[in-house]
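The values are calculated or read from the model by the stated rules, or taken from the named source; none is laboratory data. Only a predicted model underlies this, so the values are computations on that prediction, with no experimental measurement involved. Here the Cβ is made from the backbone with ideal geometry for all residues, glycine too, and neighbour counts use every protein chain on show.
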Amino acid sequence: MIKGLIGRFGLAARIGAAIAAAVIAIQVLVTLVFLTHPPNFLPFYSARWLSGSAVEIIKNAMAGATEPSSVLRNLANAESLSVRFDRAPPRRATSDPPWPLNRVLATVRSELGGPTAPTVEAVGMGPSDEPIPVVPADASASLPSGPLRSGEDLLAPPFFLIAADLHDGRWLTIEPSFRTQRRRLMLSLAFIFIGTLLIAAIAVLTARSLIAPLSQLATAADALGRSPEIIETPRPGIREFAAIHKAFETMQTRLKRFVGERTHMLAAISHDLRTPLTRLRLQAEFIGEGELREGMLANIDAMRDMLTETLSFVEGDASTDASASFDLASILISLCDEASDAGAEAKYDGPDHVTALGKRTAIRRMFSNLIDNAVRYGGAARVSLREDATEWIVVVADDGPGIPPESFEQAFEPFQRLESSRNRETGGTGLGLSIARDIALAHGGQISLANAASGSRGLIVSVLLPKALAAAS
Amino acid sequence: MNTGAACHVLVVDDDRELRTLVGKYLGEHGFRVTQAANGREMTKAIEVGRFDLVVLDLMMPGDSGLVLCQKLRELNGPPVIMLTAMGSEVDRVIGLEIGADDYVVKPFSPRELVARIKAVLRRVAKVAADGDDMPLAYEFNGWRLEPAGRVLRSPGGAVVDITSGEFDLLMAFVARPQRVLTRDQLLDLAKGRSSAAFDRSIDVQISRLRRKIEADPREPTIIKTIRSGGYLFTSLVQAIRQPA
């Protein structure tokens, strides 16, 4: 239901909504953190509170408290101070700290009073362990000193250390609580982290929902060239994508229709030519024996071959053959035998049986074309079949002049005939290699050309067919 | 009605010129020919005359050749040779499954047509004499030969490619297992369809066939050479008549 609701918005609205959602999420988080852990914006201490707290803590400690948590008990804002017990006086302690800590120290001393009063020392300390003077040293002398007067208070910097000798071998040290500050720091780090995760999650979810229809379209577009059927994709909810989707479907329909019409036309022409060609073939029979008739028959046969080849190229993928188990070697043997029966030189070298999976008639057509080419242009076909771990390798070599390497790619193009290097009289449509490559690719294989090593002549056509023939179904 | 002479052939094709030419050629080769331009004319001709064979074009306006062929089959009519312009394997099989006895692909050589007509007539005559119809398949040593699709399957189920010469030779063997066949007999039995392929000697065809079906072609166990001159198909052959 939510999907349907969101679905009605456009792309811009969705991106906007994603950003807004992220911002709102962060604001909610900030508010939550602020409410549960209100920040301590003023790190300064009140000198009166500090001296009072120190007196209280020292008294607690002298009364026998041994744990930092117990000496801090019942103390207001106790979390702002940290207390620890040592066996020796702190290294930085001095009995003459800079202003205003000297006044805090004096107050503590005066309030503790008595002969049993512990020694109290204090030091101003900065982050670098050096005392940070709050006022210039020479100005310090003119400032009031001694314990705080009644009603008087001062701001004490957060860099202090009050150490008290408890006269029982223990030293008590009171410091600003860095733990609280560290926790605050950790908290803000965690908040940044959680916030980042939150934004990332929202971004990923949004992006995914935005991209999903695009991926579907991409898949459909990729399949467009392979499948003769119209590829259905669900109509995306986003307005802009729906428009693309509609355009794509229209394009697909037009494209299929266009290709279909062309294919149909080519097939129809090739097909319809057969009837007059059959008539011609029959008429030739009535001419009577002789050179004229033989010539006519040869031409008619050449035309028939071209028609057959064109039709098989046009039919191409439309072949309804299912993938099945067949004997690859037997095809090569038969083709070579048929070629030698027709007076050509064709030899097969390889095992007698090799079981493969694929479209048998297509595979046969591919090798028929290759062997036919070798015989026609190369004077002989030497076919070999071997295997490696993953592939069957069929090589068809001939004794012809070969073709220049720069023309290899051109040789695979439909209706291309490399007349420059080949005999014009040999006929053919220039579809043989195109058909062969289509078939090899459809079976997940490859087909490549090479010239024989220098010193010998001939073109070498290699066909690699994966053993797990990815038979196009 | 063994061959030629008195055989009456009905040629059904919508192309008048082609029909006439086929008729003329068949006439010259001793057949009596009647022509029909479409299904209606064909039905009419069948009602009036008696035909030994129908040459039927596949692609015709109105009722197509496949429909007419089916009709002839239902009427238990004469054997049919289809003229088809569609060369692909699928169409051939469909044509044969629908009941055609054979087919020729346009543009065909009229000599080939005559050879096929004669082969079909011979087969029909043999069936009439033996009361024996063409089985769906022959099985021997795990191999399976399907005459309709001209398909040979290995014991593993893979389709093994065989040339038409090899197919015809194998058909001759599986129809007469465990009988010594001389070269002349084989030549005569197997040349029905593909006379061209038999320019090669029977011995060459035999060795090619062995390469396809024998485990070791040099030590053949299925097709044995008989010293006195001939070959013996040693395996037991089972003719399958019911679809599995």
When the range B:205-221 is checked residue by residue, the ones that are surrounded by 19 or more Cβ atoms within 10 Å (Cβ to Cβ), within 25 Å of the chain's Cα centre (by Cα) and within 21 Å of A:V354 (Cβ to Cβ) are B:R208, B:L209, B:R210, B:R211, B:K212, B:I213
Pairs, please: C-beta under 9 Å, at least 6 apart or cross-chain, first residue facing chain A (nearest Cβ under 10 Å) and in the range B:208-227, second exposed (fewer than 12 other Cβ atoms within 10 Å of the Cβ) and among the aromatic types (F, W, Y)? none
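Quick grid of which residues meet (1) farther than 30 Å from A:M265 by Cα; (2) within 38 Å of the chain's Cα centre (by Cα); (3) at pLDDT below 80; (4) among the polar types (S, T, N, Q):
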| residue | (1), (2), (3), (4) |
| --- | --- |
| A:E285 | yes, no, no, no |
| A:E289 | yes, no, yes, no |
| A:L292 | yes, no, no, no |
| A:M296 | no, no, no, no |
| A:N299 | no, no, no, yes |
| A:D305 | no, no, yes, no |
| A:T310 | no, no, yes, yes |
| A:T320 | no, yes, yes, yes |
| A:F326 | yes, no, no, no |
Might you let me know whether the range B:105-112 holds any residue that is of a type in the set (A, V, I, L, M, F, W, C), within 11 Å of chain A (Cβ to nearest Cβ) and in a loop (DSSP other than H, G, I, E, B)? yes
Yes/no for A:A298 being of a type outside the set (S, T, Y), touching a Gly at 6+ places or on another chain (Cβ under 8 Å), more than 10 Å from chain B (Cβ to nearest Cβ) and surrounded by fewer than 17 Cβ atoms within 10 Å (Cβ to Cβ): no
Exactly one condition in (1) among the small types (G, A, S); (2) crowded, with 16+ Cβ neighbours inside 10 Å; (3) within 30 Å of A:D96 (Cβ to Cβ) is not met by A:S209; state its number. (3)
Filter the range B:51-90 down to the residues that are hydroxyl-bearing (S, T, Y) and buried (at least 16 other Cβ atoms within 10 Å of the Cβ), then identify the one that is modelled with the lowest pLDDT. B:S88
Restrict the check to the range A:202-221 and report whether at least one residue is touching a Phe, Trp or Tyr at 6+ places or on another chain (Cβ under 8 Å), modelled with pLDDT under 85 and among the charged types (D, E, K, R). no
When you scan the range A:283-292, do you find a residue that is among the β-branched types (V, I, T), within 21 Å of B:K106 (Cα to Cα) and part of a loop (DSSP other than H, G, I, E, B), even just one? yes
I'd like to verify a number: residues in the range A:350-385 that are in contact (Cβ under 8 Å) with a residue 24 or more places away in the chain and either of a type in the set (A, V, I, L, M, F, W, C) or touching a Lys or Arg at 6+ places or on another chain (Cβ under 7 Å) (or both), how many? 18
Taking the condition of being under 30 Å from A:A88 (Cβ atoms) and part of a strand (DSSP E or B), how many residues in the range A:136-172 meet it? 9
Among the residues of the range B:32-48, is there at least one that is surrounded by fewer than 18 Cβ atoms within 10 Å (Cβ to Cβ), of a type outside the set (S, T, N, Q), within 24 Å of the chain's Cα centre (by Cα) and not in a loop (DSSP other than H, G, I, E, B)? yes
In the range A:136-162, residues that are surrounded by 16 or more Cβ atoms within 10 Å (Cβ to Cβ) and in contact with a Phe, Trp or Tyr (Cβ under 6 Å, 6 or more places away or on another chain) total 1
With a cut-off of at least 1 residues that are among the charged types (D, E, K, R) and in contact with a strand residue (DSSP E or B) (Cβ under 8 Å, 6 or more places away or on another chain), name the strands (runs of 3 or more DSSP E) lying wholly within the range A:311-413. A:324-327, A:346-349, A:381-387, A:391-397
Only one of (1) farther than 23 Å from A:L449 by Cβ; (2) of a type in the set (D, E); (3) not assigned by TED's automatic domain parsing to the domain that holds A:G444 is not met by A:D352, so which one is it? (3)
All but one of (1) more than 16 Å from A:L464 (Cα to Cα); (2) in contact with a Leu (Cβ under 8 Å, 6 or more places away or on another chain) hold for A:P404; state the number of the condition that does not hold. (2)
Scope the range A:233-274; condition within 14 Å of chain B (Cβ to nearest Cβ) and in contact (Cβ under 8 Å) with a residue 12 or more places away in the chain; matching residues: A:A267, A:S270, A:H271, A:L273, A:R274
